[in-house]
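Structure, as structure tokens:
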Amino acid sequence: MAIHHIEVPDGSPVFGDTTSAFARFGHAPAVRANGLLFISGQIGRRPDGVPGETAEEQTELALRRLEEILRLENLTFADLVDVTSYHVGIRENMAGFLAAKQRLVKAPHPAWTIIGVSGLASPEILVEIQATAAYPGH
């Protein structure tokens, strides 16, 4: 089985200065294996590293990062097969999350699990989204 580690290039307009976090935390942004792309959890930071102010903004930023990784592999949201999102303050922040998700992710929809958590890697982060996409023809 061939495994390929995906890299986000320095200077990415979506990731900006935040690409160093992959090396700091010791993980790849995504890994391609057996016709699938496994995308690490994406969070809602702006390219300058500042987190979005609301759950809606953080969700949009996290989805834009996810979309950028898909784009690097010539994929789109339509190629997603499974998504898991983690939410701090899930009840208070669900409306903002859903607003951004519905604005950006159109049918066909992937399977999606939504999990409430007490915290994420940084205290200001409210949402993290990990996903799996399938390459066409596999």
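The values are calculated or read from the model by the stated rules, or taken from the named source; none is laboratory data. Since the structure is predicted, the reported quantities are computational estimates derived from the model, not experimental observations. All Cβ positions, glycine included, derive from the backbone under ideal geometry; neighbour counts span all protein chains shown. Surface accessibility is based on the protein's heavy atoms, side chains included, excluding ligands, DNA and RNA. Shrake-Rupley method; radii C 1.70, N 1.55, O 1.52, S 1.80 Å.
Of the strands (runs of 3 or more DSSP E) lying entirely inside segment 1-43, the ones with 1 or more residues being open to solvent by 70 Å² or more (accessible area, probe 1.4 Å) and of a type in the set (Lys, Arg) are found at 30-33. If you go through segment 44-64 and keep only what is surrounded by 19 or more Cβ atoms within 10 Å (Cβ to Cβ) and within 21 Å of Arg91 (Cα to Cα), you end up with Gly44, Gly52, Ala55, Glu56, Gln58, Thr59, Glu60, Leu61, Ala62, Leu63. Answer yes if at least one residue in segment 116-138 is within 14 Å of the chain's Cα centre (by Cα), acidic (Asp, Glu) and open to solvent by less than 40 Å² (accessible area, probe 1.4 Å), and no otherwise. Scanning segment 116-138 turns up no residue that is within 14 Å of the chain's Cα centre (by Cα), acidic (Asp, Glu) and open to solvent by less than 40 Å² (accessible area, probe 1.4 Å). Taking segment 65-95 as the range and being surrounded by 20 or more Cβ atoms within 10 Å (Cβ to Cβ) and assigned to a helix (DSSP H, G or I) as the test, the residues that pass are Arg65, Leu66, Ile69, Leu70. Glu60 meets the conditions (1) within 18 Å of His4 (Cβ to Cβ); (2) part of a helix (DSSP H, G or I); (3) touching a residue at least 40 places away in the same chain (Cβ under 8 Å) in every case but one. The failed one is (1).
Looking for whichever is within 17 Å of Ile129 (Cβ to Cβ) and of a type in the set (Lys, Arg) here; the options are Arg64, Arg91, Arg32, Arg24. Which one fits?
Step by step, each of Arg64, Arg91, Arg32, Arg24 is checked, and only Arg64 is within 17 Å of Ile129 (Cβ to Cβ) and of a type in the set (Lys, Arg).
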